[in-house]
Amino acid sequence: MDKLTDLNDLFQHELKDLYSAEQQILKVLPKMADATSHDELRRAFQEHEQVTREQVRRLETIADDLGFELKGTKCKGIEGILDEGKDVLKADADPSTRDAALIGQAQRVEHYEIAGYGTARTYARRLGYDRAAELLQTTLEEEGNTDQRLTQLAESLVNPDAHTQRMR
């Protein structure tokens, strides 16, 4: 971890951690989309990949504005969550049940990101980085929307299909 002497150092560390997380997520989202059996869930993962690319650009904009590099940190938290998701991809599972598990893993990722972006946004506000705070708030809202969409897909489509498999 970088030396943390003040809130600005902590803010930069948080952004580096989020940047690393987003890079790791971008590598896994296509695999998740390919593994789904529900077209609507596949589209949700594909659309979130595009949203994630924009979130990466926002982080790069903030770093450029404030004059620091985002590289050099590996987000171990998201790495662990994604490793669990890879286990789901490898599992011998009914397709609908796999989709339900993928939603659960994706929501773990979203919740991790929501915590990180909320923290970074709060630091930015305290530091007077208004533009950064606005950009981070936009991403925070997108992550919340993704989480809600996944819940809706789980409750209305995927979980009922997975439950029906049990009844057969």
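No value in this document is a laboratory result; all are computed from the given coordinates. Keep in mind the model is a prediction, meaning the values are calculated, not measured. Positions of Cβ are backbone-derived with ideal geometry, glycine not excepted, and every protein chain shown enters the neighbour counts.
Values for this structure:
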quantity	calculated
Lysines with Cα under 19 Å of K90, excluding same-chain neighbours fewer than 8 positions away	K27, K31
Relative exposure of D17, D65, judged by other C-beta atoms within 10 Å (fewest first)	D65, D17
Stokes-Einstein D (µm²/s) once Rh is taken as the Kirkwood radius of segment 1-87 over alpha-carbon pairs, at 37 °C in 0.692 mPa s	232
Taking T36, T164 and counting other C-beta atoms within 10 Å, the order from fewest to most	T164, T36
Cα Rg, Dmax, segment 112-168, angstrom units	17.3, 58
Calculated diffusion of segment 7-167, Stokes-Einstein form, Kirkwood radius summed over Cα pairs, 37 °C and 0.692 mPa s, µm²/s	201
CD proxy at 222 nm, helix term only [per DSSP H run n ≥ 4: -39500 (n - 2.57); per residue of the chain; nearest 500]	-29000 deg cm²/dmol
Helical segments meeting 27 Å axial Cα length and Kyte-Doolittle -0.5 threshold in the chain (DSSP H)	7-35
Sorted by Cβ neighbour density within 10 Å, fewest at the top, the residues S156, S37, S20	S156, S37, S20
Rounded Å value of the spacing that divides the Cα centres of segment 66-80 and segment 120-155	18
Loop trypsin sites (Lys or Arg not before Pro), segment 72-147 (other Cβ atoms within 10 Å of the site Cβ: 14 or fewer; DSSP)	K74
